[in-house]
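Peer 1: First the structure, then my questions, so here it is.
The values are calculated or read from the model by the stated rules, or taken from the named source; none is laboratory data. Only a predicted model underlies this, so the values are computations on that prediction, with no experimental measurement involved. Using ideal geometry, Cβ is built from the backbone for each residue, glycine included, and neighbour counts are taken over all protein chains shown. Protein only, heavy atoms only, side chains kept; ligands, DNA and RNA dropped before computing areas. Shrake-Rupley method; radii C 1.70, N 1.55, O 1.52, S 1.80 Å.
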Amino acid sequence: MRGKWLLIFMLLMLALAGCGNDPKADVPIFMMGQNGVPNEVGDKLQAALQAKVGQAPTVSVLTVPVFSMEKLIVEIAAGDNGIIIVPAEQFNVIGKQGGYVSLDNIAKQEDFPSGVLELPVDGKTEKHLYGIPLEQTKWFTELKLNGKDLVAFVPANAKNQDKVMQVIKVIAQK
């Protein structure tokens, strides 16, 4: 009898473990602010962005409640995020290492001058638009959120870069 209950319990746990697993988004976005970002804000941003993008590609916005440079480095190194949003200071510091995708085909450098960096590309330094400051984007202003000092960028190790570029283009709308 005891084995029967154990089997039922294990089957129940297996069934529950399968519940709630959403399919992985085409474009996962990781967002970390200087003072953290509440989950409710991430949910609001995700819903608004998905509405702007349409049914495909799918997006997810993962936020963290506290700032951690170590967590940021792990997220970048893991390569699981299509877009990363960080404070401008970290965008500039991390950018010196290279590893950002140019967004020159997405938006004009003069529209986002603080997103323009001179970074090493194939052994030489080149000036390109690498980040989208969020303060004046429709995505943030329509939600009445303060995007001051937040910059969205695409890491070079991002998967599905064609889909990522579709989403960053929507994010860059002013």
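Peer 1: Within the set of pairs 6+ apart or on separate chains, which have a first residue in region 84-108 that is touching a residue at least 12 places away in the same chain (Cβ under 8 Å), a second that is in a helix (DSSP H, G or I) and basic (Lys, Arg), and C-beta atoms under 8 Å apart?
Peer 2: 106/169; 107/169
Peer 1: Next up: Taking only pairs six or more apart or across chains, which ones have beta-carbon atoms under 7 Å, a first residue in region 112-138 that is farther than 16 Å from residue 168 by Cβ, and a second residue that is open to solvent by 40 Å² or more (accessible area, probe 1.4 Å) and among the hydroxyl-bearing types (Ser, Thr, Tyr)?
Peer 2: Going by the 7 Å Cβ cut-off, the qualifying pairs are 118/125; 119/125.
Peer 1: Under 9 Å between Cβ atoms, which residue pairs at least 6 apart in sequence (or on different chains) link something in region 24-44 that is over 20 Å from residue 162 (Cα atoms) and assigned to a strand (DSSP E or B) with a partner that is of a type in the set (S, T, N, Q) and open to solvent by less than 40 Å² (accessible area, probe 1.4 Å)?
Peer 2: 31/63
Peer 1: Then there's this: Out of (1) closer than 22 Å to residue 67 by Cα; (2) within 16 Å of the chain's Cα centre (by Cα); (3) in contact (Cβ under 8 Å) with a residue 40 or more places away in the chain, what's the single condition that is false for residue 145?
Peer 2: Among (1) closer than 22 Å to residue 67 by Cα; (2) within 16 Å of the chain's Cα centre (by Cα); (3) in contact (Cβ under 8 Å) with a residue 40 or more places away in the chain, the lone unmet condition for residue 145 is (2).
Peer 1: Where residues in region 47-91 are open to solvent by less than 60 Å² (accessible area, probe 1.4 Å) and of a type in the set (S, T, N, Q), which of them is farthest from residue 35 (Cα to Cα)? Spell out the reasoning first.
Peer 2: Step one: list which residues in region 47-91 are open to solvent by less than 60 Å² (accessible area, probe 1.4 Å), which gives 48-50, 53-54, 57-61, 63-64, 67-69, 72, 75-76, 78-79, 81-88, 90-91.
Narrowing further to those that are of a type in the set (S, T, N, Q): 50, 58, 60, 63, 68, 81, 90.
Working: 50: 25, 58: 27, 60: 21, 63: 11, 68: 10, 81: 21, 90: 13 Å.
Filtering first and then ranking leaves 58.
Peer 1: Residues that are touching a strand residue (DSSP E or B) at 6+ places or on another chain (Cβ under 9 Å) and either among the small types (Gly, Ala, Ser) or over 18 Å from residue 31 (Cβ atoms) (or both): list the helices (runs of 4 or more DSSP H) wholly contained in region 84-174 that include at least 1 such residues. Even if it seems obvious, please write down each step before you answer.
Peer 2: On the way: elements: 88-95, 138-141, 161-171.
In region 84-174, the matching helices (runs of 4 or more DSSP H) lie at 88-95, 161-171.
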